[in-house]
Each structure stands twice: as C-alpha cells, then as structure tokens.
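Derivation of every value follows stated rules applied to the coordinates shown; laboratory data play no part. All of these numbers come straight from a predicted model, not from anything done at the bench. So basically every Cβ, Gly included, is an ideal-geometry build from the backbone, and we count neighbours across all protein chains shown.
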Amino acid sequence: MHMLGKEMRIWLQPAGSSSRQLLLQLERWDFNWQSRYLLKDPIPLKKGARLFVEAVFDNSTGNPSNPNHPPKTVYLGESTEDEMGFVVVGIMTDSRPNGTSDFFNYFEKMLEANTLRKLMEKR
C-alpha cells in the first residue's frame, strides 16, 4: 500500500473449513514500513487452503499521510500517488517439487553459485 493505506490483515482459511485464522495484522499502516514480516512459527498448509488479504485505505482529510489536500480520486497504480494493496507470501515444502520448471531450474543454478552457497551456510 502507499500513502492512503490504513490497515492490512492476512487470513488463512484451511481446506474444508469456513473459519479463518488471522496470520498478520498491521493496524496503523505506515508507508515507510514496507518490509517483510515473518511469522514466529511456521504454519503447515494443506492442499486447498486459501489465503485472504484485507487492505483498508483512508482517502479523507483526517489521514495525515494523505498527500492530496483536498482529497482527490485515486486510481490503481504503482506510483506513490496511486494506490494498491499487495502481499507476497513465501512458502516452503517438505520435499522437492515434482517435475521441472524454468523457475525451479533457475533456482537450482542459483544454489550452485558460490555467493548463495555461502549465504546459506551462514544460516
């Protein structure tokens, strides 16, 4: 989110369930907080699990971060003057993926590189 972002939540809905579990909640979004957030403990996901993102925006005069005085219509876009709600979720598997893909082949080559190997050994 950009300057109009107010709150963000990420929810997990397990496969076959109608209930959702809150994974992450940012109650007072700040544009300068665009960072990564790691869960304290990993959460196993089963096939069919769904993730939901809730983003709340404040385009009012009461938002001190609103760059538009008076407020104006804001559109979807990547510019700081536009708005968006965007979450990237990283997952890990217990086993090596079946089959091949360009991404997987690229990642394998990266693991062979000395720089990445050194970084992984430090963990």
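Roughly what % antiparallel, to the nearest 5, for the DSSP beta bridges in region 5-95?
On the way: 13 of 14 bridges.
Among the beta bridges of region 5-95, antiparallel pairing accounts for roughly 95 percent.
Name the trypsin sites (Lys or Arg not before Pro) in region 36-74 that are in a loop by DSSP and that have at most 13 other C-beta atoms within 10 Å, would you? Write down the numbers at each step before the final one.
Values: sites: R36, K40, K46, K47, R50, K72; in loops: R36, K40, K46, K47, K72.
Here the trypsin sites (Lys or Arg not before Pro) that fit, given the DSSP loop and packing criteria, are R36, K40, K46, K47, K72.
For each of R20, R28, count neighbouring Cβ atoms within 10 Å of the residue's Cβ, then give the residues from fewest to most.
Working: R20 15, R28 8.
Fewest-to-most ranking of R20, R28: R28, R20.
Taken one residue at a time, the phi angles of region 35-51 give Karplus couplings (6.51, -1.76, 1.60, θ = phi - 60°) of 8, 9, 10, 10, 6, 4, 10, x, 10, x, 10, 9, 3, x, 5, 10, 10 Hz. Gly and Pro are set to x. The L23 and K109 beta-carbon pair, evaluated with R₀ = 30 Å, returns a calculated FRET efficiency of approximately 0.40.
In region 5-95, the ratio of gyration radius to Kirkwood radius, Rg to Rh, stands at 1.05 when only Cα atoms are counted.
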